[in-house]
């Protein structure tokens, strides 16, 4: 399908979703808002037996007891250990190609997890729940890898970028990598409602712009030049609010769903190679 057609479809869907969310927000009902913010694909949607990928099931619980699931893909002598948070739709089963690239292309161990209500994770998604789910996933991964939680690199895409900004701002990270990040959820909605202010209507905030300044560590961001869902200017605004050291990569000609190019992969390798060594206090690795 031509990229221009994908761009138009993404933009139309974003506008329709924003208008629906705006109308629902006027009711003041958080539950109704959440039904339009999140697009979970529960199990068995997706390919849960991808070929050529050696993963382990990760089962763990969030702080409120919600049972969660993820996939962990180990790498021998990894350059880093990454916890990845996906966007508003799909589940871990849709991320098999990315997981293979993490290990084969970038030589890292990686864990992806499903928020509550996604994939095999139980419950219903909401903003605070997603933050708690990410913290629980990092705790599991740190124990499995035998490293400190602060020695894990946090990486998120779109909505997942906001989740990881929150975790990095609260608890730190060895590094933070953001793809197609936004400043706040109200800013995303206003982008598609001709600037109609919705800040006071939305119960979910995901206000990364208010949190990014509390993160002190290496930051790498990338954003599609033609992103029709989350405008490039939002990614740049978030980047400007962040502390150094930081680097921003614009993916030429890319829309929201287009994969990063080879320049991005090379930049990612360089970023990982430049991270500080792991903490001296190393934990026993769980087998």
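A few comments on the model shown:
- Output for segment 238-252, where each listed residue is farther than 18 Å from residue 157 by Cβ and in contact with a helix residue (DSSP H, G or I) (Cβ under 7 Å, 6 or more places away or on another chain): 241, 243
- Condition broken by residue 59, with the remaining ones in (1) modelled with pLDDT of 95 or more; (2) buried (at least 17 other Cβ atoms within 10 Å of the Cβ); (3) farther than 26 Å from residue 175 by Cβ satisfied: (2)
- The number of residues in segment 106-129 that are touching a helix residue (DSSP H, G or I) at 6+ places or on another chain (Cβ under 6 Å), within 23 Å of residue 186 (Cα to Cα) and surrounded by fewer than 24 Cβ atoms within 10 Å (Cβ to Cβ) comes to 2.
- Reported count of residues in segment 252-277, each being touching a residue at least 24 places away in the same chain (Cβ under 8 Å) and within 19 Å of residue 227 (Cβ to Cβ), is 12.
- Check on residue 110, touching a strand residue (DSSP E or B) at 6+ places or on another chain (Cβ under 8 Å) and in a strand (DSSP E or B): yes
- Against the numbered list (1) in contact (Cβ under 8 Å) with a residue 12 or more places away in the chain; (2) assigned to a loop (DSSP other than H, G, I, E, B); (3) closer than 23 Å to residue 148 by Cα, residue 48 comes up short only at (3).
- Residues that are in contact (Cβ under 8 Å) with a residue 60 or more places away in the chain, closer than 25 Å to residue 237 by Cα, touching a strand residue (DSSP E or B) at 6+ places or on another chain (Cβ under 8 Å) and buried (at least 20 other Cβ atoms within 10 Å of the Cβ) occur in segment 147-154; there is at least one.
- All conditions in (1) touching a residue at least 12 places away in the same chain (Cβ under 8 Å); (2) over 12 Å from the mean Cα position of the chain (by Cα); (3) closer than 24 Å to residue 263 by Cβ hold for residue 94, with the sole exception of (3).
- Near pairs, Cβ below 6 angstrom, 6+ apart or cross-chain, from segment 66-79 (farther than 19 Å from residue 95 by Cβ) to any residue that is surrounded by 21 or more Cβ atoms within 10 Å (Cβ to Cβ): 66/116; 79/108; 79/272
- Flag for residue 185 being closer than 21 Å to residue 85 by Cβ and out of contact with any helix residue (DSSP H, G or I) (no Cβ under 7 Å at 6 or more places or on another chain): yes
- Under the condition of being more than 14 Å from residue 179 (Cβ to Cβ), at pLDDT 95 or above and buried (at least 17 other Cβ atoms within 10 Å of the Cβ), the residues counted in segment 214-230 number 4.
The values are calculated or read from the model by the stated rules, or taken from the named source; none is laboratory data. Source: prediction; values computed, not measured. Cβ coordinates were reconstructed from backbone atoms using ideal geometry, including for glycine residues, and neighbour counts include every protein chain displayed.
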